Amino acid sequence: MLDRWVLVTGATGLIGKAVCRRLAQEGYAVVVHFNTQQEIALKLVSELHLIGVASVAISAEVTQRNSILQLFKALKKQKI
């Protein structure tokens, strides 16, 4: 099966983490977005990897256009 990627913004909060876990259970690969909480994002990525789910953490300030453009450039570079 081809990876179906989803981008979860605010993935380091309680709801965001729950959404990531649920989408992973549904078979999606997950882009874990964070703004400042890198440690939490990386821990979540590790958790998802342990259950066999492709995932990456990426930082962006979603209220800033240039930051969003950088986010998508980074995803494209990683072929996501």
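Counting only helical runs of four or more DSSP H residues, what would the 222 nm mean residue ellipticity of the chain come to if each run contributes -39,500 (n - 2.57) and the total is spread over all its residues? Taken over the chain, the calculation gives -15000 deg cm²/dmol. Restriction of the trypsin sites (Lys or Arg not before Pro) in the range 1-77 to DSSP coil positions whose beta-carbon has at most 12 other beta-carbons within 10 angstrom yields Arg4.
Cross-link partners for Lys17 among the lysines, with Cα-Cα distance under 20 Å and sequence neighbours closer than 8 places in the same chain left out: Lys43. Between Val6 and Val62, the contour length at 0.36 nm per residue exceeds the alpha carbon distance by 18.6 nm. Close amide H partners of Ser59, meaning residues 5 or more places away or on another chain with modelled amide H under 5 Å apart, are Phe34.
Rounded to the nearest 10 degrees, the inclination of helix 14-25 to the longest alpha-carbon principal axis of the chain is 50 degrees. For the chain, list log₁₀ I(q)/I(0) at each q in 0.14, 0.16, 0.17 Å⁻¹, using the Debye formula over Cα point scatterers of equal strength and ignoring solvent, two decimals each. Normalising to I(0) and taking log10 leaves -0.40, -0.53, -0.60. The alpha carbons of the range 1-45 give a radius of gyration and a Dmax of 10.0, 33 Å, in that order.
Bear in mind these aren't lab numbers, they're just calculated from the coordinates by the rules spelled out. Note that the coordinates shown come from a computational prediction; the quantities given were computed from them, not determined experimentally. We place every Cβ from the backbone using ideal geometry, glycine too, and count neighbours over all the protein chains shown.
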